[in-house]
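As structure tokens, the structure follows; a few thoughts come after it.
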Amino acid sequence: MKRIVDIFTKDWASEIAWTYVINLGDEHVALDIDAFENEALRMATDEGKGTPETIFAKVRE
């Protein structure tokens with residue numbers, strides 16, 4: 001399953017800081033939205049784009 005996840009700063013600026021296309025599982029497995037947001041946050045922190053204290057993720061609807 002594929003989802004687009006946007007990363008924002010916690011200062012609540014309306015601008016998207018970064019975007020990921022996250023692909024988890026397969027088309028037949030339903031995954032919770034939180035799994036995609038957590039993976040995007042993990043990737044962003046690993047790439048030095050922020051820390052869990054300074055950024056948050058939101059799946060696009």
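Please treat every number below as a calculation from the coordinates, not as lab data. Since the structure is predicted, the reported quantities are computational estimates derived from the model, not experimental observations. For neighbour counting, all protein chains shown are included, and Cβ atoms are generated from backbone atoms with ideal geometry for every residue, glycine included.
Convert each backbone phi in region 21-29 into a coupling constant with the Karplus relation 6.51 cos²θ - 1.76 cosθ + 1.60 (shift: θ = phi - 60°), then list the ³J(HN,Hα) values in order as whole Hz, x for Gly and Pro.
9, 9, 10, 10, x, 9, 5, 9, 10
Say R0 is 25 Å: what FRET efficiency, to the nearest 0.05, do GLU53 and VAL21 get from their beta-carbon distance?
It comes out at approximately 0.50.
Please give the helix 33-46 orientation as an angle from the longest Cα principal axis of the chain, in degrees from 0 to 90, rounded to the nearest 10.
For 33-46 against the chain, the angle is about 50 degrees.
Give me Rg/Rg_expected for the chain, where Rg uses Cα atoms only and Rg_expected = 2.2 N^0.38 Å with N residues.
Cα Rg divided by the expected 2.2 N^0.38 Å: 1.10.
If amide H atoms are built 1.01 Å from N in the plane of the peptide, which residues on other chains or at least 5 residues away come under 5 Å of the amide H of ALA17?
Result for ALA17 returns ILE7, PHE8, THR9.
Taking the highest mean first, how do the peptides 8-14, 25-31, 54-60, 37-43 order by number of other beta carbon atoms within 10 angstrom per residue?
The most tightly packed comes first, giving 37-43, 54-60, 8-14, 25-31.
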